[in-house]
Amino acid sequence: MADNDLKTLTDRYVTVWNEPDPERRRTAVRELWSSGATHVLNAPQEMRAAAAALGFDRLVLDATGHDALEVRVARAYQEFVAPGTFVFRAVGDADRIRDVVKFRWQMVPRDGGEPVATGLEVLLLAPDGRISHDYQFIEG
């Protein structure tokens, strides 16, 4: 995959999280992720702390399959983007080793300003180029 293809992939990935139209979002999910793909979220620190207080030593959230992925993306859109408060954007260059791609992203105020959240995305690509496994780390 050439550098411009990596840029296209990361741009498409971030765009789906900002997409207001449910049908376009649904189509984008099916184009980006394979049918049995899994998105795994390493929950933010405050969620992990709350889980630890309840006696859970790990808190991992996941969504598998197009329907669950669509719900995951839609809920993030509804919570962060739809109110007009934030947008997601890729930051820096993506890197690839074989079928693994990593890139960083930020959630920033729609009207500009400093990031309110940052993350690392690690994607495992299927032979057809779609995402088979998606690991999301909230870094700050």
Q. Which of the residues belonging to the range 84-102 are more than 22 Å from ALA74 (Cβ to Cβ), in contact (Cβ under 8 Å) with a residue 12 or more places away in the chain and hydrophobic (A, V, I, L, M, F, W, C)?
A. VAL91, ALA94, VAL100, VAL101
Q: Return a yes/no flag: does the range 120-139 have any residue that is modelled with pLDDT of 95 or more, closer than 26 Å to THR8 by Cβ, β-branched (Val, Ile, Thr) and touching a helix residue (DSSP H, G or I) at 6+ places or on another chain (Cβ under 9 Å).
A: yes
Q) If you go through the range 41-77 one residue at a time, how many are among the basic types (Lys, Arg) and at pLDDT 95 or above? A) 2
Q: For the range 3-18, indicate whether the set of residues that are part of a strand (DSSP E or B), surrounded by fewer than 15 Cβ atoms within 10 Å (Cβ to Cβ) and touching a residue at least 40 places away in the same chain (Cβ under 8 Å) is non-empty.
A: no
Q | Residues of the range 4-54 that turn out to be under 18 Å from ASP134 (Cα atoms) and either acidic (Asp, Glu) or in contact with a Pro (Cβ under 6 Å, 6 or more places away or on another chain) (or both), as a count | A | 3
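The values are calculated or read from the model by the stated rules, or taken from the named source; none is laboratory data. Since the model is a prediction, treat every value here as computed from it, not as a measurement. Cβ: placed from backbone, ideal geometry, glycine included. Neighbour counts: every protein chain shown.
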